[in-house]
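Remarks on the structure that follows.
Coordinate-derived values only; no laboratory data. Just so we're clear, the structure is a prediction, and the values are computed from it rather than from any experiment. Backbone-built Cβ (ideal geometry, glycine too); neighbour counts: all protein chains shown.
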Amino acid sequence: MGNNKSCIKKKPQDGQDFRYINGRRYHNEETASYLLSSDMEEIDRQQLQHYCFKHIFKCNVSAPIEKKLTEGSRVLDVGCGTGIWVLELSSKYENSEFFGVDMSPVFPSQIKPFNSNFIKANVLDGLPFSSDEFDYVHLSFLNASFTDDQWQNIVIPELIRVLKPNGWLEFYEVDVVQINGGPLIERISGSLQKLCYNAGINPRLPNLLKQWLSPYKCLKDIEELVAYPFLGKWKGEIVDELEIDNDLPGKCDDNDDTGRCNTGCENFDSDFSIKNTNVKSKYEVELGLLLKEVIKMYYTLDAENLSMCMGTSKEVFLDMLEECFEREMSEYDTRMKFMRVMCRKDDTIKK
Ligand SMILES: C[S@@+](CC[C@H](N)C(=O)[O-])C[C@H]1O[C@@H](n2cnc3c(N)ncnc32)[C@H](O)[C@@H]1O
């Protein structure tokens, strides 16, 4: 997490891509609410996060657009960061044309697949594209980026505008509040939530997306996919595979009778439900270790602000993190809620 409200609101430096605050690099957009830094440490963390988080849903895309991507589509990734998602998909789907947009130019400028394009733009000034231009619009991990008001009045209307009729919109987000949290993670994530709310950011964003999309008559097939992966070192029983339970919360409605999804989210199954508390699959256990590292890194990078917010020294905060991620989480079976929310633009109604 980036910085507290007073720091990030410092005046932008004219003509620069970034501004520097307390030794860290941040975006330089006056209107933007984004809290995280954009320096090398944060960029490394985001790369690692991408490789780790995609395994929660076992794919990069959950909307049913595999065929369209193979045949040739126009795809937009909003807030693309390092461009990692665009780079992976443009290498796989050579007939499609990919665009990534971010206000901080941390994406590649020269060495990239021929069908990938990156543009520096602040979404809050409007997306630099015509209406009805994209078959698929994707956003991931923008929950520290916009206030509720910005989401509802600027970002979502812009996403819908650039989407072609029949095109798919997909969000991938994580809820900051843990499930089965012990006392340490409750305190640590409490301070993160406080930092977000102080900056006008809602850390519970994923739970609001469906509610914000539903009033649009031009959107249909709104669907949520939910997963609750465990984070930590699992010390309980481990099995090769978990039995599939079709009532699990992560179940996609388009599953066939094996519980596997028939849309783009191939192989999405019950590994990450909250029901399996005593036994975990090998897959879940291995991913739990990776998730623990990535999320711990997230808190470590912002130790300065979070410890201040919690009223402890940075050293005490780092000790708490260690204890929390290395011991408490496995004891409590701590989980996080990851959500993919997707919908389609109606091709019969204008708005
Ligand atoms: C946490 S990163 C996620 C990056 C990428 N989507 C991923 O999943 O790896 C959020 C990104 O959103 C970008 N962002 C935040 N507010 C923005 C805005 N107003 N306009 C454009 N990009 C923005 C940030 O610069 C950052 O690169």
Expressed as a whole-number percentage, the relative contact order of the stretch 131-207 with C-alpha contacts under 8 angstrom and at least six residues apart is 43
In the chain, taking the dipole from +1 charges on Lys and Arg beta carbons and -1 charges on Asp and Glu beta carbons about the Cα centre, the listed residue (TRP85, SER38, SER140) farthest towards the positive end is SER38
Starting from 0.36 nm per residue, how many nanometres of slack lie between VAL279 and LYS233 once their C-alpha separation is accounted for?
15.3 nm
Which residues make up the longest stretch of the chain clear of GluC sites (Glu not before Pro) that lie in a DSSP loop with no more than 13 other Cβ atoms within 10 Å, not counting the sites?
95-240
Please list 3J(HN,Hα) in residue order for the stretch 203-215, calculated via the Karplus relation 6.51 cos²θ - 1.76 cosθ + 1.60 where θ = phi - 60°; whole Hz, with x for glycine and proline.
x, 9, 2, x, 6, 9, 4, 4, 4, 6, 7, 4, x
Treat every Asp and Glu Cβ in the stretch 5-345 as -1 and every Lys and Arg Cβ as +1, leave all other atoms uncharged, and give the resulting dipole magnitude about the Cα centre to the nearest 20 debye.
880
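Where both residues lie in the chain, what percent of DSSP beta bridges are antiparallel, nearest 5?
50
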Identify which of THR70, THR300, THR334 has the largest mean-square fluctuation in a Gaussian network model of the chain, with springs joining Cα atoms closer than 10 Å.
THR70
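Give me the percent relative contact order of the stretch 5-345, please, defined on Cα pairs under 8 angstrom at least 6 residues apart. Don't skip to the end; give the middle numbers.
Numbers: 658 pairs, mean separation 71.2, N = 341.
It rounds to 21 percent for the stretch 5-345.
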If MET310, MET339 are placed from fewest to most neighbouring beta carbons inside 10 Å, the sequence is MET310, MET339
Chymotrypsin sites (Phe, Trp or Tyr not before Pro) within the stretch 56-120, DSSP loop, no more than 11 other Cβ atoms inside 10 Å
PHE114
Taking loop as defined by DSSP and a crowding limit of 11 other beta carbons within 10 Å, which trypsin sites (Lys or Arg not before Pro) in the stretch 14-67 fit?
none
Net charge (Lys, Arg +1; Asp, Glu -1) of residues whose beta-carbon lies under 13 Å from that of GLY236, GLY236 excluded, is 0
Selected from ASN117, ASN278, ASN95 as most flexible by GNM, with the chain as the system and alpha-carbon contacts under 10 Å
ASN278
In the chain, if the dipole is taken from +1 on Lys/Arg beta carbons and -1 on Asp/Glu beta carbons about the Cα centre, which of ASN305, PHE114, GLN49 is farthest to the positive end?
ASN305
Once the mean of 1/r over all distinct C-alpha pairs in the chain is inverted, the Kirkwood radius in Å reads 21.0
